[in-house]
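Only one structure is covered here, and it is reproduced in the block below.
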Amino acid sequence: MAYMSRLSAALAVVVVASASSICAEEIAPLKIGLMLPYKGVYAVPSEGIDRGFQVAIAEYGGKVAGRRIEIIRADDELTPNVGVQQFNRLVQLEKVDLVAGVVSSSVGIAVSGLADKAQMPLVLANTFADEITAKFCSPYVARTSFSANGFLYNSGKYWASHGIRTAVIMGPDYSAGHSFLGAFKRGFEDGGGKVVQEIWTPFQKTKDWAAALTQASNSGAQIIYSFYAGAEAVQVVKQHADFGLRDKLPLVGDHWVYDKLNWGALGELMVGPKFVTTYLPTVKTEANEKLVARYRQMFKQDPEVNAELGYDNGKAIMLTLEKLGGRMPADKSQFMTTMRGLVFDAPRGKIRFNASNSALLEKVYVVQFAKDAAGEPVPQYVDEFAGADDLPGCTKSF
Amino acid sequence: MQLFLTQILNGLQLSMLVFLLAVGLTLIFGLMNILNLAHGAFFTLGAYCGVAIAAATGSYWSALVMGPVLPFVVGFALQLLVLQPLAERGRSTHLDLALLTFGLLFATAGAVEWLYGSAFHAIPTPALLSGHVSLLGLSYPAYRLFIIGIGLAVAVGLNFIFDRTLIGATLRAGVDDRAMVTALGVNINVLFAVVFGLGAALAGLAGVVAAPLMSVYSQMGIAIVVETFVVVVVGGLGNLKGSFYASLIVGMTDAMSQAYLPEVEMFAVYALLIGVMIVRPQGLFGRVGRVA
């Protein structure tokens, strides 16, 4: 009898074990829609983000709580209406569990409205416009990067306290351009500086900055402060040098104006100018060294700012899913509540979220590029300061 | 005043770059009536060839000379082996060609991206032209003056070929009465293919010339197509001189609106197009009676 019961117990264990292994195989993979502007003027930064995202997933062996992660990519073409189509395709046809990525703030604003209606978690990778987690905030939308104000308000103060009294601001005429340069202007003027002129160039349409640069050089300001990325950054930096303004009227900006990924196109022009960045690949922290090692192993190069942002995006999603046991809760706002509670060490520093699901920036570095022995650009540490808080404006409670 | 003078130079430089593109399209679309949306693809091809040649030889000048060769060959082959046979089968309405060449435009962008990846490229400004020139009390990049020079040289050269040489005369005759020219023993198919190739080569030249100024990437040709068509239509279809003047008008409108009325910059060129279409539908310099 005792023998029988032991046998049946053993049998039961076998049955349960095999049933659970069947179950594990039967659980469909968890699908993440990754939406980025893979082509066009932001193609290069998008590739960096995509790679960083892959590293974060690979760190977990592509699985969370035994459940496989499947990435489904979509190209939003940097255009809100295409972003809307792609978002709907991901949700309705591909049946993804959540959507990640998104670079352009305009696309971000368009799809966050959809995410809110569809109650679909949207974890934004870039989309720095302040209003995304303020005026347009939603319990279903989070941002793992930072807001324009978080990054550039204190940058404005920094330059104002380092001998710069007057500046021209110049940037692309769309939501992120206005957010970033607006944040700089507030900080710069609160710090005692004065913005003497604002120049806005049509986004994605401008090829020639001659007119803008001529106006800037006639303004009498000490610096041009600008925000540009991708192909536009290449053109601005080159043409600024062509007009011989590098000494007379330096072009100051951030890690997108002087993006390491544009080294092939700009080369020597990137050596020298100081700029602000959120990520320093040479920082000696455990989180950063892990990213650098795996990134080198997977892509035979060092990560840079965009890759780090993609990594943060993937990492925040994986940490949240881990806490939830690899399952998307029936009430998907719980996914966001869980993410909002995360505090983790990212390669850029400690990441925590504010009450409207926006990740905050622990610190901002001032750096400049120098060439290493192999002739590769390496950002050199100059200074650092804390990131600012986000602008208020979220009226929903969640 | 200084701003105004610089803007005149900026406008001129922009006009000449636009002209290099528009004059090729004028030959192809305006004169031979082949709706060619793939014109931007030749611009991209030329720029990438230039990047490859400059990287291999280290010389901007060999890139400038050899960069347009591939666009010429591709343009020549496209006309002779694809578009001409299609025309003979009666499949060359504007809609047919729009579909075909629009597809080509995107296929080229895709092929370039497959080969080169999505990174941005550039050709370094040649040492000879990397300085500044003092002109009327302002300092202006030498390379931009060089662009103005190239544009003017191409305008003069084309004008000469078209008006004063046998090739030009044959081409004009071929456009007006194809059967007659063929009867006189001219292989009109090859001549048309050469002209198509020439138009493509000019777009390729524009690509190389623009490369030290702008970033070279796979989608660069797509954005430029619409503006080029505006110039061709404003100038009057098939009118070389018209496309020159129209390039000047469009380039100047763009440069001046950018400096003095930035709010209307994106709209200004199209407003001009609408105005011209209402007042002179044949284009500012077009002859009456030709309908594209």
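Here, each number is a calculation from the coordinates, and none is a lab measurement. Computed from a predicted model, the values in this text were never measured in an experiment. Every residue, glycine among them, receives a Cβ derived from its backbone with ideal geometry; neighbour counts consider all protein chains shown.
Quick notes on this structure:
- Net charge dipole size for the protein assembly as shown [Lys, Arg +1 and Asp, Glu -1 on Cβ; Debye, nearest 20]: 440 debye
- 5 angstrom amide H check on B:A119, placed H, neighbours 5+ away: none
- Relative contact order for chain B, counting Cα pairs under 8 Å that sit 6 or more residues apart, in percent: 37 percent
- Farthest positive-ward along the protein assembly as shown dipole, Cα basis, beta-carbon charges - from A:M318, A:W200, A:V366: A:M318
- Taking a point 7 Å out from the Cα of A:K396 in the direction of its Cβ, the residues of the stretch A:311-344 whose backbone N falls within less than 13 Å of it are A:332-334, A:336-337.
- For A:D76, the residues whose amide H sits under 5 Å from its own are A:L36, A:Y38, ignoring neighbours fewer than 5 places away on the same chain, with H placed 1.01 Å from N.
- Spin-label model distance (nm) - B:A183 vs A:A58, 7 Å beyond Cα toward Cβ: 7.1 nm
- Listed residues B:T57, A:T127, B:L248: farthest to the positive end of the dipole of the protein assembly as shown (Cβ charges): A:T127
- A cut-off of 5 Å between modelled amide H atoms, ignoring neighbours fewer than 5 places along the same chain, links B:H132 with B:A142.
- Hz values of 3J(HN,Hα) by residue in the stretch A:189-203 - Karplus curve (6.51, -1.76, 1.60), Gly and Pro given as x: 6, 5, x, x, x, 9, 8, 8, 7, 10, 10, 10, 9, x, 5
- Per-residue Karplus couplings for the stretch B:141-150, computed as 6.51 cos²θ - 1.76 cosθ + 1.60 with θ equal to phi - 60°, are listed in order as x, 4, 4, 5, 5, 4, 4, 4, x, 4 Hz, Gly and Pro entered as x.
- Once the Kirkwood radius over Cα pairs is known for chain B, the Stokes-Einstein relation at 25 °C and 0.890 mPa s delivers a diffusion coefficient of 125 µm²/s.
- Nitroxide proxy distance, nm - points 7 Å out along Cα→Cβ at B:S62 and B:S130: 1.9 nm
- Cα→Cβ-extended label distance, 7 Å offset, between A:T338 and A:A355, nm: 2.5 nm
- Residues A:W209, A:W200, B:W61, sorted so that the one with the fewest Cβ neighbours within 10 Å comes first: B:W61, A:W200, A:W209
- Rounded to the nearest 20 debye, dipole of the stretch A:57-120 from Cβ charges on Lys, Arg, Asp, Glu: 260 debye
- Note on the protein assembly as shown: dipole from Cβ charges, positive end direction compared against B:L261, B:L152, A:S112; the farthest Cα belongs to A:S112.
- Span from the the stretch A:51-104 Cα centroid across to the the stretch B:160-226 one, whole angstrom: 45 Å
- Per-residue shielding of B:130-140, expressed as the average number of other chain Cβ atoms within 10 Å of the residue Cβ, stands at 2.
- With neighbour counts taken as other beta-carbon atoms within 10 Å, the residues B:F43, B:F72, A:F344 rank, fewest first, as A:F344, B:F72, B:F43.
- Mean separation of Cα pairs under 8 Å and 6 or more residues apart, divided by the residue count, gives the stretch A:290-398 a relative contact order of 14 percent.
- Across all Cα pairs in the protein assembly as shown, the calculated P(r) in 10 Å bins from zero up to the longest distance comes to 3, 14, 23, 22, 17, 11, 5, 2, 1, 1, 0, 0 percent per bin.
- Spatial extent of the stretch A:253-339: Rg and Dmax, with the Cα atoms as the point set, Å: 16.9, 53
- Using the Cβ-Cβ distance between A:K371 and A:N81 with R0 = 35 Å, the FRET efficiency computed as 1/(1 + (r/R0)^6) comes to roughly 0.20.
- Value of Rg/Rh across chain A [Cα atoms, Kirkwood radius]: 1.05
- Helical content alone sets the calculated 222 nm signal of the protein assembly as shown at -17000 deg cm²/dmol, taking -39,500 (n - 2.57) per DSSP H segment of four or more residues and averaging over every residue.
- ³J(HN,Hα), Karplus 6.51/-1.76/1.60, whole Hz, each residue of the stretch A:157-164, x for Gly, Pro: 4, 4, 5, 4, 8, 10, x, 9
- A simple charge model with +1 on the Cβ of Lys and Arg, -1 on the Cβ of Asp and Glu and nothing else charged puts the dipole of the stretch B:2-279 at about 400 debye relative to its Cα centre.
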